[in-house]
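K.L.:
Sharing a structure here in structure tokens format.
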Amino acid sequence: MSAATLNLDLFGCTLPPIAWPLVWGLAGVLTVLTLGALAAAILPRLRPARDYANLRQRVNSWWVMVALLSGALLLGWQAMLVLFAAISFMALREFLSLAPARREDRLIILASYLVVPISYGWIAINEYGIYLVFIPVWVFLITPFLMAIGGQTRNYLQRAAGFHWGEVACVYTIGFVVFLMRTPANEPMPAGPAGLVFLLLVTTEANDVAQYCWGKLVGRHKIMPTVSPNKTWEGFLGGWVTTAGLIWLIGPFFAPLAGVNLAIMAVLLPLAGFAGDVTLSAVKRDIGVKDSSHLIPGHGGILDRIDSLTFTAPLYFHLMTFFVLHR
């Protein structure tokens, strides 16, 4: 064990070195969750007239999600790849179950599921150049071709676009999270690759929570009533300022960011999170559902939980590579 990292063994296997900022960061997340659990237990006694069942469900679900993500962060990129491949598969399954489909679409649905292992396979062998174009170019071209040779022309353009949107949102965008875990060790990283991912995940989810809390506390003016009726200007602005402040405060401990670069990240990342949230809300409004599924009690489905991440992950990845990471 050095001053900068913590080395652990698990069942005789040496885990990747753990940077101390990551240890303290995970401890901070657990502290916040503990406070949330205490609030969920105390509030019903202080204000028995209100129903806090949803709050308890949300906190309990967060314990499970934080445990899975923390384990993957500590175990290394392979564990993160397996976890996010499973998340992509479940998110795509939710999307395809919601989007209008016909019997003749079965071949395209199967092809869409095959995109998940192939896409994450490029990450596994560290082929960034191929990953970058596989879904946006080749899947984009192959999907409508398969539909055409099958003679499927009714609502052809709408259906082809829908399949590709699901593949990009559920697979391509969040795959950048795993690619961050593959950042070479010789790049400047104060808390290692796991620290880069930790900062992205914590600030993305903190933005969602902060918008929710500010909206509940002081929200009065609707920001997009036809898309997301519960969102308010007060919640949006409060979440934006809170998350920007959090990035400015803890960012340098987990990522090689400072000065103007850190300020740009602090300003843009919460905006991207809000954009991802309302974009998926618009999709659900179009389909006519409130939640993508009931898989996660208190939260909805996987898609409901990663909506912000579909925008923040690629933005964070490309800003980071533009600013400081070159390999």
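The values are calculated or read from the model by the stated rules, or taken from the named source; none is laboratory data. None of the values given here were measured: they were computed from a predicted structure. Here the Cβ positions follow ideal geometry from the backbone for every residue, glycine too, while neighbour counts run over all protein chains shown. Ligands, DNA and RNA are stripped out before the accessible areas are found, and what is left, the full protein with its side chains, is counted by its heavy atoms. Shrake-Rupley method; radii C 1.70, N 1.55, O 1.52, S 1.80 Å.
K.L.:
Hey, among the residues in region 235-263 that are in a loop (DSSP other than H, G, I, E, B) and open to solvent by 20 Å² or more (accessible area, probe 1.4 Å), which one's farthest from residue 19 (Cα to Cα)?
P.N.:
If we take residues in region 235-263 being in a loop (DSSP other than H, G, I, E, B) and open to solvent by 20 Å² or more (accessible area, probe 1.4 Å), then 258 is farthest from residue 19 (Cα to Cα).
K.L.:
Specify which of the listed residues (183, 226, 204) is touching a residue at least 40 places away in the same chain (Cβ under 8 Å), under 19 Å from the mean Cα position of the chain (by Cα) and assigned to a loop (DSSP other than H, G, I, E, B).
P.N.:
Answer to the selection: 183.
K.L.:
Additional query: In region 43-63, how many residues are without any contact (Cβ under 8 Å) to a residue 24 or more places away in the chain and either within 28 Å of residue 22 (Cα to Cα) or open to solvent by 90 Å² or more (accessible area, probe 1.4 Å) (or both)?
P.N.:
Here the count works out to 7.
K.L.:
Looking at region 69-84, which of the residues that are small (Gly, Ala, Ser) and touching a residue at least 40 places away in the same chain (Cβ under 8 Å) is least open to solvent (accessible area, probe 1.4 Å)? Talk me through it step by step, then tell me what you get.
P.N.:
Taking region 69-84 as the starting set, the residues that turn out to be small (Gly, Ala, Ser) are 70-72, 76, 79.
In the following step, the residues that additionally are touching a residue at least 40 places away in the same chain (Cβ under 8 Å) were identified as 70, 76.
Values: 70: 24, 76: 8 Å².
Here the answer is 76.
K.L.:
Continuing with this model, one more query. Mind checking whether some residue in region 129-147 is over 26 Å from the mean Cα position of the chain (by Cα) and under 26 Å from residue 304 (Cα atoms)?
P.N.:
No; the residues of region 129-147 include none that is over 26 Å from the mean Cα position of the chain (by Cα) and under 26 Å from residue 304 (Cα atoms).
K.L.:
Which condition number in (1) touching a residue at least 24 places away in the same chain (Cβ under 8 Å); (2) among the aliphatic types (A, V, I, L, M); (3) in contact with a Lys or Arg (Cβ under 6 Å, 6 or more places away or on another chain) is the one that residue 99 fails?
P.N.:
Result: residue 99 fails condition (3) only.
K.L.:
What single numbered condition from (1) assigned by TED's automatic domain parsing to the domain that holds residue 161; (2) part of a helix (DSSP H, G or I); (3) open to solvent by 60 Å² or more (accessible area, probe 1.4 Å); (4) not β-branched (Val, Ile, Thr) fails to hold for residue 100?
P.N.:
That leaves (2) as the condition not met.
K.L.:
Counting only residues that are of a type in the set (Ser, Thr, Tyr) and closer than 27 Å to residue 179 by Cα, which one in region 282-327 is most open to solvent (accessible area, probe 1.4 Å)? Spell out how you get there, then give the answer.
P.N.:
Residues of region 282-327 that are of a type in the set (Ser, Thr, Tyr), as a first pass: 292-293, 308, 310, 312, 316, 321.
Subset that is closer than 27 Å to residue 179 by Cα: 292, 308, 310, 312, 316, 321.
Numbers: 292: 9, 308: 0, 310: 19, 312: 2, 316: 1, 321: 47 Å².
Within region 282-327, the match that is most open to solvent (accessible area, probe 1.4 Å) is 321.
K.L.:
Further question: Regarding residue 266, is this residue at pLDDT 95 or above, in a helix (DSSP H, G or I), in contact with a helix residue (DSSP H, G or I) (Cβ under 7 Å, 6 or more places away or on another chain) and open to solvent by 20 Å² or more (accessible area, probe 1.4 Å)?
P.N.:
no
K.L.:
A follow-up question, please. Does residue 173 fit the bill of being open to solvent by less than 60 Å² (accessible area, probe 1.4 Å), assigned to a helix (DSSP H, G or I) and outside the structural domain of residue 96 (by TED's automatic domain parsing)?
P.N.:
Judged against the criteria, residue 173 is not a match.
K.L.:
While we're here: Exactly one of (1) under 19 Å from residue 281 (Cα atoms); (2) open to solvent by less than 10 Å² (accessible area, probe 1.4 Å) is unmet by residue 180. Its number?
P.N.:
Result: residue 180 fails condition (1) only.
K.L.:
Cβ contacts < 8 Å: first residue more than 12 Å from residue 211 (Cβ to Cβ) and outside the structural domain of residue 320 (by TED's automatic domain parsing), restricted to region 255-278; second residue of a type in the set (A, V, I, L, M, F, W, C) and open to solvent by less than 10 Å² (accessible area, probe 1.4 Å), any location; separation 6+ or different chain. Result?
P.N.:
From residues that are more than 12 Å from residue 211 (Cβ to Cβ) and outside the structural domain of residue 320 (by TED's automatic domain parsing), there are no pairs.
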